[in-house]
Amino acid sequence: MDIKKTPMSHFGSYMALTYQESMEDEKNGLYVNAVRGKSKHNQNALKIIPTVKGTPVGYSYKADGFQLSLFFEGGNIQVCFEDESRIYVKGTGDNVGLTLDSQPVYNFEYNYLLGNAGEEYCIVNSYKNLTKYLIFAAEGSVSLQQNVYMDTTGSTNKADNLSSIQVNSEENSDSFLCIIEDIPKNGAVPEDREYSFEQALLKSKQHFNRFLSKQPAVPKEYQRTLEEAAYLNWTCTVNPEGLLKRKAIYMSNSNFPGVWSWDNAFNALALAGVDNQLAWDQIQVLFDHQDEKGQIPGSVSDSTIRWNFSKPPVQGLFIIKMLEKMDLSKPQLETIYTQIKNHVEYYFNYKDFNKDGICEYHHGNDSGQDNSTVFRNAAIIDSPDLTAFLIKSMDMLAVTSDKLDRPQDKIFWEKKSEQMSAEFCEYFLVDNLPTARFTRTGEIIESESILPLVSIILGNKLPEAARDNIINLLRSEKFLTDWGIASEALDSSYYEEDAYWRGPIWAPTTLLFIDAFQECGEHELVQEVTEKFLELCKQSGFAENFNAETGEGLRDLAHTWTSSVFIHLASQLKDEE
């Protein structure tokens with residue numbers, strides 16, 4: 001396991017272990033990182049520094065997902081999680097010790113040495129990460145070294161403070177055991193209980209194996225990659241805290257500590273039939289904040305909520321797909337019916353300023369494809385995919401009405417879907433291909449982005465000629481590479497290898513296209529694109545996106561919507577064998 005790419009963590013935890021490399025040598029090393037929402041720019045909570053006779057030493061390391069081992073002359077240090085709250089650090093060797101550097105940033109961020117003589121423990125006040133840590137030695141001793149320069153003006157200016165905790169073995173002993181405990185909301189004292197590194201390691205492995213045992217069957221050649229995907233999702237799941245009212249799978253423990261409102265639908269789908277409650281929670285974690293107008297936030301974490309952008313309304317489509325893998329109770333159906341209904345009405349009330357019946361995107365971020373070339377003129381646009389997602393939401397409302405025995409509602413939403421599908425074809429189809437338009441003028445936007453082509457999700461609601469044209473374009477050399485479907489045509493003047501939605505392959509659009517191809521009866525194309533994506537993940541991991549020509553992972557290299565799409569597609573492939 002490469003902890004430079006995939007941090008080591010535990011289900012429910014807001015802590016992660018990662019090795020960071022920097023141009024500045026003093027910043028290289030192993031860290032306990034905080035993954036709370038406001039920690040993004042100051043994630044480093046504690047730097048783990050092995051010492052011999054109190055002096056830092058160089059080391060090599062090895063990680064397997066559950067145990068991290070540091071090797072150096074004279075001894076070694078082992079690190080593991082016990083559960084979501086505790087990390088164990090065990091040192092072995094003559095005069096082997098440990099420094100935990102908390103790297104204070106602000107004037108009011110420092111540590112406390114507490115406890116009576118011989119029973120000392122420390123509280124780390126990590127203001128930059130909105131949490132605290134309890135640190136004590138279950139075997140050995142702790143001491144504190146700090147030099148705090150208090151700012152007499154009481155400002156929040158950054159300070160040149162030093163604060164670190166030393167852990168050492170007792171006299172006549174060649175080992176120590178240190179416990180790092182996350183205590184975000186209150187004080188704590190060390191529990192009077194037995195602490196065993198070996199038992200903690202076994203416990204964390206058992207926790208993961210229970211999660212892994214629920215995963216769907218996949219072809220044998222992808223079993224190892226499935227385990228890696230499940231591990232990423234498991235470690236990126238955090239407990240309810242702050243703004244999060246239920247367990248949530250973060251997009252990443254590195255660059256995206258939070259939940260985005262279309263990203264998490266892909267995580268929900270991968271969990272459907274695996275852990276139905278957790279799957280339901282991934283949809284609800286955003287709808288918990290739905291406002292009186294029907295809008296849901298673009299993203300939320302334990303400590304941050306963002307309303308600036310809406311993200312595409314994919315939830316209706318994904319509920320339909322989830323219902324193929326799991327059942328919802330009547331109260332759940334009633335809840336999601338009301339939520340999606342209000343969400344659809346929000347778009348028509350507040351995202352259709354000219355009241356022509358076609359909803360618009362106000363910014364690329366609203367579409368999820370942030371910098372698509374459709375948005376290169378920074379104008380408000382009518383994009384075919386948005387109308388397509390809303391039509392799929394209407395289909396979901398019709399399905400749900402039927403399950404709730406509401407025939408009038410079912411008829412209403414079926415007619416509304418049919419009406420919108422006709423309006424879609426009349427407005428968006430030009431020469432039987434979907435095209436985006438400037439909202440104010442209706443002028444066609446010239447673009448070779450896949451964004452308008454996402455409307456293939458309408459499947460059989462589209463005229464046969466339009467379906468064929470979209471599919472033939474996506475399977476052509478303009479878009480389809482050895483690894484999958486590029487986000488911008490490869491021969492476009494705007495194409496770049498690493499330019500977010502102007503070239504790279506993305507997991508979410510891959511899944512949407514495959515699902516649409518399946519509905520359109522393009523089974524060979526489904527097989528081809530699915531296998532390309534599975535091989536891509538097997539080679540390059542679960543990156544946020546991938547170089548369309550080489551398959552190299554780009555940007556965030558451990559992103560959960562990619563691992564979730566892998567799990568879903570690999571299980572679909574197994575189902576067809």
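Side notes on the structure shown:
- Shape of region 270-330, Cα gyration tensor, a/c cut at 1.5: prolate
- Charge tally in the Cβ shell below 14 Å around L451, where Lys, Arg are +1 and Asp, Glu are -1, L451 excluded: -4
- Evaluating 6.51 cos²θ - 1.76 cosθ + 1.60 at θ = phi - 60° for every residue in region 96-110, the Karplus couplings come out as 7, x, 8, 10, 10, 8, 8, 6, x, 10, 10, 5, 9, 10, 7 Hz, glycine and proline recorded as x.
- Förster radius 60 Å - calculated FRET efficiency between T550 and E171 (Cβ-Cβ, nearest 0.05): 0.60
- The spacing between region 172-229 and region 1-74, judged by their C-alpha centroids, is 16 Å.
- For region 15-207: rounded, prolate or oblate by the Cα gyration tensor [a/c cutoff 1.5]: rounded
- Distant-in-sequence amide H partners of A45 (H built 1.01 Å from N, under 5 Å): V32, N33, A34
- Taking every DSSP helix (H) stretch of at least 4 residues in the chain, weighting each as -39,500 (n - 2.57) and dividing the sum by the residue count yields a mean residue ellipticity at 222 nm of -10500 deg cm²/dmol.
- Approximate shape of the chain as ellipsoid semi-axes (Cα gyration tensor, √5λ), whole Å, largest first: 48, 24, 23
- Of the residues L130, S69, S196, the one whose Cα sits farthest toward the positive end of the charge dipole of region 15-207, with +1 on the Cβ of Lys and Arg and -1 on the Cβ of Asp and Glu, is L130.
- Placing R0 at 35 angstrom, the Cβ-Cβ distance between E324 and N472 gives a FRET efficiency of 0.80 after rounding to 0.05.
- When each of the peptides 261-272, 172-183 is scored by how many other beta carbons lie within 10 Å of its residues on average, the order from highest to lowest is 261-272, 172-183.
- Spatial separation of Cα centroids for region 358-408 and region 490-555, in angstrom: 22
- A simple charge model with +1 on the Cβ of Lys and Arg, -1 on the Cβ of Asp and Glu and nothing else charged puts the dipole of region 434-525 at about 440 debye relative to its Cα centre.
- Under 15 Å, Cβ to Cβ, from F108 - net charge with Lys/Arg +1 and Asp/Glu -1: 0
- Placing pseudo-labels 7 Å out from each Cα toward the beta carbon at L162 and L212 gives an inter-label distance of 4.4 nm.
- Entries of K38/K185; K90/K245; K293/K392; K203/K532; K40/K532 with Cα pairs more than 27 Å apart: K90/K245; K203/K532; K40/K532
- Ranked packing of 4-10, 380-386, most packed first, by mean Cβ within 10 Å: 380-386, 4-10
- Over region 15-207, Cα pairs under 8 Å with separation of 6+ residues give a relative contact order of 21 percent.
- For the chain, averaging the sequence separation of C-alpha pairs within contact (under 8 Å, six or more residues apart) and dividing by the residue count gives a relative contact order of 11 percent.
- Relative contact order for region 333-468, counting Cα pairs under 8 Å that sit 6 or more residues apart, in percent: 26
- Under the Karplus curve 6.51 cos²θ - 1.76 cosθ + 1.60, θ = phi - 60°, whole-Hz ³J(HN,Hα) for region 157-169, x wherever Gly or Pro sits: 4, 5, 10, 9, 9, 10, 7, 8, 10, 9, 10, 9, 6
- Taking other residues whose beta carbon is less than 11 angstrom from the beta carbon of D370, and scoring Lys, Arg as +1 and Asp, Glu as -1, yields +1.
- Ordered by the number of other Cβ atoms lying within 10 Å of each residue's own Cβ, fewest first, E549, E488 fall into the sequence E549, E488.
- Cα→Cβ-extended label distance, 7 Å offset, between Y350 and D431, nm: 3.9
- The slack in the chain from Q527 to Y494, taken as 0.36 nm per residue of separation less the alpha-carbon distance, amounts to 8.9 nm.
Just so you know, all these numbers are worked out from the coordinates, no wet-lab data involved. What you see is a predicted model; the values in this text were computed from it and never measured. Heads up, the Cβs are rebuilt from the backbone with ideal geometry, glycines too, and the neighbour counts pull from every protein chain shown.
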